[in-house]
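A quick write-up on the structure given underneath.
The values are calculated or read from the model by the stated rules, or taken from the named source; none is laboratory data. These numbers were taken from a predicted model, which means no experiment stands behind them. Because the Cβ atoms are built from the backbone with ideal geometry, glycine has one as well, and the counts that use them run over all protein chains shown. Surface accessibility is based on the protein's heavy atoms, side chains included, excluding ligands, DNA and RNA. Shrake-Rupley method; radii C 1.70, N 1.55, O 1.52, S 1.80 Å.
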Amino acid sequence: MISPGFFAGRIFQLGIMLFLVSFLIYMLMGLMPGDPIDMMLAANPEAGPEDAARLRAIYGLDRPLGERYLNWLGAAVQGDFGHSRLFARPVLDLIWPRMGTTFILMSVSLVLTLAIALPVGVYAALKPYGFADRFVNLFCFAGISIPVFWLALILMSVFSVWLGWLPAGGTGGEDAGFLRRLPYYVLPVLTLTIAGIGGYIRYIRSAMIESLSSAHIQTARAKGCSENRVIWVHALRSAMIPVTTIIALDFGTFFSGALITETMFSWPGMGKLIYDSIMGNDFNLALVALLFSTFFVLAANFTADILYMFLDPRVKMEVDKVKKEARI
Amino acid sequence: MTLAAAAAETEIRNPTGSLYGWRQIFRRFRRNRLALFAFFLLALLCALSAAAGLVEARMGLDANEVDLMKRFLPPSAEHWLGTDALGRDIFLRLLYGGRVSLSVGLVTALLVAVIGTVIGLLAGFYGGRLDTVLMRLTDGVIILPLLPFLIILSSIDLTKLGFDPEKIFSSGVGVAHIVFVIAIFGWTTVARLVRAQVYVVKEQDYIRAARALGVGPIAVMTRHILPNVVAVMIVATTLSVGNIILLESVLSFLGLGIQPPAASWGNMLTGAQELVWEHPFLTLYPGGMIFITVMAFNIFGDGLQDALNPKTKF
């Protein structure tokens, strides 16, 4: 069904894309304010102009930009992504654990989002433009329209400052037990869920409406299936095809999608790492972290394509259509 | 041109129905009370922000004047919503902030519509290799992690791009910078939708007739195809305004967008984290304004979509 040539082609595209993105980010980093050598010198009052020249030579900054990029790329291809200036550690050592914390946060909120969005979306689809649907629709618009940083501020002020029930940030320490860490999850997960659920409900709703109006539903009704079975088995099954694709695509944005939430709640994940590295002029760390995030988006796209082909063998090219619709 | 030819051309130009079409669209839109309400709310917000200068003069205050003796005043006849951490009138700053947020949203959306339409039109009309290249570019932009890239682009040093260092700190340049940064990433939706619509339209008989009559490609695109893409363009653009305002507010909140002392709803929230306990309303007002405005744009855009394409309505 899926030829090896298809795989090879896609992996080749992925490589080209990563190459282009790394070049783009490298160039952009050169435009950031400040100069890394000046910053190093500022920290040391005894350093003079000779030291600046020496440091420039050590870090290869006296070379032209293109050559510097190729040097970086050569090392990166061999798995050497360099060091972080801000944390004074190898970049990869920083990124792996951060990905873990982000992954946990995002998966918990995705599960919660789906647990709410599936029944609500299906329910709204049963009577389009009925009272419940309108109410749900308004709620979805609210979720889509709320500024995430403001939502985080409000939740923090209500639950941490005012009521004092929950911690306002952090993770509760890496060694703490599950129960000790649990309260630290509540507010970030709530923020991500409220901000993300509207899109999912709307998407599930329209997928359900489309599937409920298709011929196989009529067949199911005609042969005497109970309404519950028609909705939850026959209709939901075909509605889940595009929804699964969306979930797979959403996975790609996992590692940079929570930038604001993580920063607001000082959650030590990838989003916060990217933010801190850009703001702290830690160019190399920012470059690698962004490259990893982009890689995951690309990989998720790839997965979504494959998944869609498996779920719906009828159409191979349809996946582009789903992706387009999802982004509207 | 004979009368018959002229009449035929009007029809070609607007096959979905001329004046009657728009009237029908308007009638359909009017039936959606929520969207109508959103529209009037937006009109009110725009009018209020536009009148910020007048209100300021009338109240005898200065929105940017720092007065440390007047910090955190409660609402009063003089200061309708009280004053902020630097003793500035919150109500006036909300109006001025609205001016910035709304104009950034609308101007960027306009830019997004122009870029997206040109790219979508070219890709859809010519197809083939140009289409492939342009759509690859679109996919490439979509793939990039949005927020990190916006943060990088809005904090780059403009002097390194050869801009005059004396001018880059003026507020006009700051606004233009943010508009361009968001537009660079915002045009993809419009481009894809316009392209898809062009693909549908260009196969229709009247386009073939126009081409067969020897109408050049530019004229076919602008006079025959564009009018039939307008509906899609308007909807996509309106729906993008809310998102643009959200992005501007995040960047300003992080201190990267609109720079103080000029107010924007986003930068009024910078540092609000520390004040949440003692002065919760300082957080509530600007955030609430962003929320309401973005929601109004989304509901308005959604209503517009329903009115313009009754077929897509489920």
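So, with a 1.4 angstrom probe, what is the percent of accessible area on chain A that is carbon and sulfur?
66 percent
Would you calculate the separation in nanometres between label points at residue A:126 and residue A:232, each defined as 7 Å from the Cα along the Cα-to-beta-carbon direction?
Those two pseudo-labels are separated by 1.1 nm.
Residues of the stretch A:91-327: accessible area per residue at 1.4 Å, in Å²? Don't skip to the answer; put the middle values down first.
Numbers: 10300 Å² over 237 residues.
On a per-residue basis, 43 Å².
Using a 1.4 Å probe on protein heavy atoms only, how many Å² of accessible area do A and B hide from each other, summed over both chains and rounded to 100?
Details: alone 18250 and 17640 Å², together 31550 Å².
The A and B chains share an interface burying roughly 4300 Å².
Provide the gained length on full extension for the span residue B:51 to residue B:180, in nm with one decimal, where the gain is 0.36 nm per separating residue minus the Cα-Cα distance.
43.8 nm
Can you tell me the FRET efficiency between residue B:71 and residue B:106 if r is taken as the Cβ-Cβ distance and R0 is 35 Å, rounded to the nearest 0.05?
Working: r = 34 Å, r/R0 = 0.96.
FRET efficiency, residue B:71 to residue B:106: 0.55.
Averaged over its residues, how many other protein chain Cβ atoms are within 10 Å of peptide B:146-156's Cβ atoms?
Values: counts 4, 11, 14, 8, 1, 6, 9, 2, 0, 6, 6.
Mean number of neighbouring Cβ atoms from other chains: 6.
Separation of the stretch B:182-243 and the stretch B:262-303 by C-alpha centroid, Å?
Their Cα centres are 35 Å away from one another.
Just order B:184-197, A:135-148 by mean Cβ neighbour count inside 10 Å, highest at the front, would you?
On the way: B:184-197: 23.0, A:135-148: 19.6.
With the highest mean Cβ count within 10 Å placed first, the list reads B:184-197, A:135-148.
Between A:105, A:298, A:73, find the one with the highest GNM mean-square fluctuation for chain A; connect C-alpha pairs within less than 10 Å.
A:73
Pull out a ≥ b ≥ c, the square roots of the eigenvalues of the alpha-carbon gyration tensor of chain A, then state rounded if a/c is under 1.5, prolate if not and a/b is larger than b/c, and oblate in the remaining case. Kindly include the intermediate steps, with their values, before the conclusion.
Numbers: a/c = 2.97, a/b = 1.64, b/c = 1.81.
Judged from the Cα gyration tensor, chain A comes out oblate (a/c at least 1.5, b/c at or above a/b).
With a cut-off of 19 Å, note down the residues of the stretch B:181-203 whose backbone N falls inside the zone around a label point 7 Å from the Cα of residue B:163 toward its beta carbon.
B:181-186
Peptide A:137-146: average number of partner chain Cβ atoms within 10 Å per residue?
Details: counts 3, 3, 0, 2, 9, 5, 1, 6, 14, 6.
Shielding by partners across A:137-146 averages 5.
Can you give the FRET efficiency for residue B:218 and residue A:93, using 1/(1 + (r/R0)^6), R0 = 56 Å, r = Cβ-Cβ distance, to the nearest 0.05?
Values: r = 57 Å, r/R0 = 1.01.
For residue B:218 and residue A:93, the calculated efficiency is 0.50.
Express in nm, to one decimal, how much length is gained between residue B:292 and residue B:59 on full extension, taking 0.36 nm for each residue of separation and deducting their alpha carbon distance.
Numbers: separation 233, 0.36 × 233 = 83.88 nm, distance 2.52 nm.
Here the segment from residue B:292 to residue B:59 would lengthen by 81.4 nm.
Which whole number gives the average, over all residues in A:148-159, of C-beta atoms from other chains lying within 10 Å of the residue C-beta? Intermediate results must be reported in sequence, preceding the final value.
Working: counts 5, 12, 15, 2, 1, 9, 7, 0, 3, 8, 2, 0.
Going residue by residue through A:148-159 and averaging, the value is 5.
What is the set of long-range amide H partners of residue A:83 at a cut-off below 5 Å, with H atoms built 1.01 Å from backbone N?
A:91
Please sort A:114-120, B:252-258, B:263-269 by packing, taking for each peptide the average over its residues of neighbouring beta carbons within 10 angstrom, highest first.
Values: A:114-120: 16.7, B:252-258: 24.6, B:263-269: 28.6.
Packing proxy ranking, top to bottom: B:263-269, B:252-258, A:114-120.
What residue among A:241, A:58, A:231 has the largest mean-square fluctuation in a Gaussian network model of chain A, using Cα springs under 10 Å?
A:58
Per residue, what accessible area does the stretch B:170-243 have, given a 1.4 Å probe and all protein chains present, in Å²?
Numbers: 3140 Å² over 74 residues.
Value for the stretch B:170-243: 42 Å² per residue.
Springs between alpha-carbon atoms under 10 Å, Gaussian network over chain A: tell me which of A:70, A:126, A:166 tops the mean-square fluctuations.
A:70
Nearest 0.05, what FRET efficiency do residue A:80 and residue B:126 give at R0 = 35 Å with Cβ-Cβ as r? Please list the in-between numbers first.
Working: r = 44 Å, r/R0 = 1.26.
Between residue A:80 and residue B:126 the formula returns 0.20.
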